Amino acid sequence: MKTRRVIKIAGRLAKPFRVTDGRKFRLKDVDPGETGTLKAEDKPRAKEALQIGVEALAELQDMLYAQDRWAVLVIFQAMDAAGKDGAIKHVMSGVNPQGCEVYSFKSPGPNELDHDYLWRTHLRVPERGRIGIFNRSYYEEVLVVRVKPELLQYQKIPARLVGKHLWDDRYEDIRSFERYLARNGVAICKFFLHVSREEQKRRFLERLERPEKNWKFSANDIRERPYWKDYMHAYEDAIRETAADHAPWYVVPADNKWFTRVIVGAAIIHTLGSLDLHYPNVDKAKRKELAVAKRALLRPT
Ligand code: ATP
Ligand code: MG
């Protein structure tokens, strides 16, 4: 299938899940179990669609790299076991590793805590021509840190700067940071993979029961479950406060992995597809250079 056609279909698939104006957004309007117009028996077709998407993405990324103007920043946020890792693995499977970087942001260490909270992520913003994937991001600062405000004490922020306004300040920081990046040619695409509490439980149990999945389980993971409602509030607020045309959120139902992956792939294709990518033009001087090189190569030695 022609890439241009894939871009069009991808745009249609991703649209219902895109949030660009947070004012009207309510998390309760998104059902984690939703599969759009697709049903469980369409799963094989969804897998085929993903494969077509993976090929289109490879071509778009090649042009992104050759053109060397835009950078693409893809952010993944989710509760544990929502399928971030799997989505990254499957959707990016066809992409040239040289043009793509994945960073996983864990709990900040001492060096990181000695800086402002955007510092460590700013260092990892992709360079022009590349796709950068953040597996978690600075959004943790208004998610886990908001749910567990005691974490703030490790951040060594001067006391008089910490107050009720802190979260609003952070939303403003993030909005400004993303606007700044967008104005510098970084296309931003943010995902919240929305899994239900029941499905998370099922996946945790699977991790406990299947030996090959045991390694994925961490006792810390279940410690967050009692705070589920607080997390959902924090996610809703973060999305409402930071959704923008230049930095849309995609709130993707995540109880069915095959569906999540199709939508994530579609949204990334849509993002790249909107950049009007093309291979650099070969000007007259360059054409001459190529012709000289060709003659030199063909000359008998
Ligand atoms: P997986 O569990 O699939 O390996 P993960 O992204 O959950 O992936 P973990 O090592 O389990 O990785 O978790 C990272 C932890 O770091 C999360 O609990 C997250 O909330 C926490 N974290 C990330 N950034 C921050 C931050 N800025 N402040 C506090 N905690 C953070
Ligand atoms: Mg984890």
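Summary table
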read-out	value
Hydrodynamic radius (Kirkwood) for region 234-284, which is based on Cα pairs only, to one decimal in Å	13.5
Rounded percent of accessible protein surface that carbon and sulfur make up, the chain, 1.4 Å probe	51
Rounded if a/c under 1.5, otherwise prolate or oblate - region 261-301, Cα gyration tensor axes	oblate
Sites Glu59 and Ala159 - FRET efficiency at Förster radius 51 Å, r taken between beta-carbons, to 0.05	0.45
Relative counts (whole %) of C-alpha pair distances in region 201-245, using bins that are 10 Å wide	24, 33, 25, 16, 1
Antiparallel %, DSSP beta bridges [both residues in the chain], to 5	10
Estimated distance in nm for a label pair at Lys294 and His278, the labels positioned 7 Å out from Cα along Cα-to-Cβ	2.1
For region 132-188 and region 1-50, distance of Cα centres in Å	28
Of Lys24/Lys201; Lys2/Lys84; Lys213/Lys257; Lys24/Lys229; Lys84/Lys213; Lys39/Lys84, pairs whose Cα-Cα distance is over 24 Å	Lys24/Lys201; Lys2/Lys84
Cα→Cβ-extended label distance, 7 Å offset, between Arg202 and Thr20, nm	3.4
Measure of compaction for region 98-257 (Cα Rg per 2.2 N^0.38 Å)	1.12
For region 92-187: Kirkwood Rh in Å [reciprocal of mean 1/r, alpha carbons]	14.9
All Cα pairs of region 174-301, percent lying beyond 19 Å	69
Partner lysines for Lys156 [C-alpha distance under 24 Å; skip if fewer than 8 residues away on the same chain]	Lys106, Lys148, Lys164
Student exercise, region 69-142 dipole from Lys, Arg, Asp, Glu Cβ charges, in Debye to nearest 20	380
Whichever lysines have a C-alpha closer than 24 Å to that of Lys294, once near sequence neighbours (fewer than 8 apart) are set aside	Lys284, Lys286
Mean accessible surface per residue for the chain, computed with a 1.4 Å probe while every protein chain stays in place, in Å²	57
Counted charge near Tyr171, where neighbours are those whose Cβ lies closer than 13 Å (Asp, Glu -1; Lys, Arg +1)	-4
Region 229-265 versus region 74-93: alpha-carbon centroid distance in Å	12
Rg in Å to one decimal, and Dmax rounded to a whole Å, for the chain via C-alpha atoms	21.4, 78
Within the chain: Cβ-based charge dipole about Cα centre, in debye rounded to nearest 20 (Lys, Arg +1; Asp, Glu -1)	1000
By average C-beta atoms within 10 angstrom, highest first, the peptides 5-14, 69-78, 220-229, 156-165	69-78, 5-14, 220-229, 156-165
Shape of region 1-118, Cα gyration tensor, a/c cut at 1.5	oblate
For region 132-206, alpha-carbon Rg over 2.2 N^0.38 Å	1.41
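The values are calculated or read from the model by the stated rules, or taken from the named source; none is laboratory data. Not measured: the values here are computed from a predicted model. No Cβ is skipped: glycine too gets one built from the backbone with ideal geometry, and neighbour counts run over all protein chains shown. Note: areas computed on protein heavy atoms with side chains; ligands, DNA, RNA excluded. Shrake-Rupley method; radii C 1.70, N 1.55, O 1.52, S 1.80 Å.
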